[in-house]
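Below is one structure, written out as structure tokens, with a few remarks after it.
Computed from the coordinates by the stated procedures, all read-outs in this text should not be read as laboratory data. Worth saying up front: this structure is predicted, and the values here are computed from it rather than measured. Because the Cβ atoms are built from the backbone with ideal geometry, glycine has one as well, and the counts that use them run over all protein chains shown.
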Amino acid sequence: MFSDRDNLICLISDLHKDARGFRPRGMYNWGAMSIADLEALVEDMAQEVEDTIEAEEQERIELDRMWREDVALGVIAPDDTVELEAWEVWESRAEEAGYAA
């Protein structure tokens, strides 16, 4: 059974991996950190994970928008999953012609 301290350190390691893609081996002096320090680090890492998730979602939305625009312009061929609305095609053509807002 782990102590509260060990559980916090494991949680920090997991959150760090989720936020930054790697575990924080050798990055922290765990022995010098108090429980309050560890809890504060958990809060910081949890916020960083939330920020990372939000940034990834925004990037996914932007990439999808750019892909749909390329399909509307005929730059790339659509696959079976895309059904563009007429306004998307006209908007893309207008932007290509220099009528962007």
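How big is the dipole moment of the chain about its Cα centre under a simple scheme where the beta carbon of each Lys and Arg is +1, that of each Asp and Glu is -1, and everything else is neutral? Debye, nearest 20, please.
Numbers: 9 positive and 27 negative charges, 130 e Å.
Roughly 620 debye for the chain.
Note the angle between two axes, namely the Cα long axis of helix 35-73 and the longest principal axis of the Cα atoms of the chain, as a number of degrees from 0 to 90, rounded to the nearest 10.
Between helix and principal axis, roughly 10 degrees.
Any idea what angle helix 4-20 forms with the longest principal axis of the chain, computed on alpha-carbon atoms, 0 to 90 degrees, nearest 10?
20 degrees
Along the Cα→Cβ direction, 7 angstrom out, place labels at Arg60 and Asn29. What is the inter-label distance in nm?
Result: 4.1 nm between the two label points.
Please identify, among Glu91, Glu43, Glu69, the residue showing maximal mean-square fluctuation in a Gaussian network model of the chain using a 10 angstrom Cα cutoff.
Top of the fluctuation ranking is Glu91.
Taking neighbour counts of Cβ atoms within 10 Å as a proxy for exposure, in what order, fewest first, do Asp79, Asp37 appear? Before the final figure, lay out the partial values.
Values: Asp79 8, Asp37 13.
Ranked by crowding around the Cβ, least crowded first: Asp79, Asp37.
Arranged by the count of other C-beta atoms within 10 angstrom, fewest first, what order do Met1, Met45 take?
Details: Met1 4, Met45 21.
By the 10 Å Cβ count, ascending, the order reads Met1, Met45.
Binned at 5 Å from 0, what are the whole-percent values of the Cα-Cα distance distribution for the chain, short to long?
Taking every Cα pair in the chain, the percentages come to 2, 11, 15, 14, 9, 6, 7, 7, 7, 8, 7, 5, 1, 0.
Where is the GNM fluctuation largest for the chain (alpha-carbon springs, 10 angstrom cutoff): Asp80, Asp44, Asp14?
Ranking Asp80, Asp44, Asp14 by mean-square fluctuation puts Asp80 first.
Where does helix 86-96 land angle-wise versus the long Cα axis of the chain, in degrees 0 to 90, nearest 10?
90 degrees
Give the calculated FRET efficiency between Met1 and Glu43 to the nearest 0.05, with a Förster radius of 22 Å applied to their Cβ-Cβ distance.
On the way: r = 24 Å, r/R0 = 1.11.
Here the calculated transfer efficiency is 0.35.
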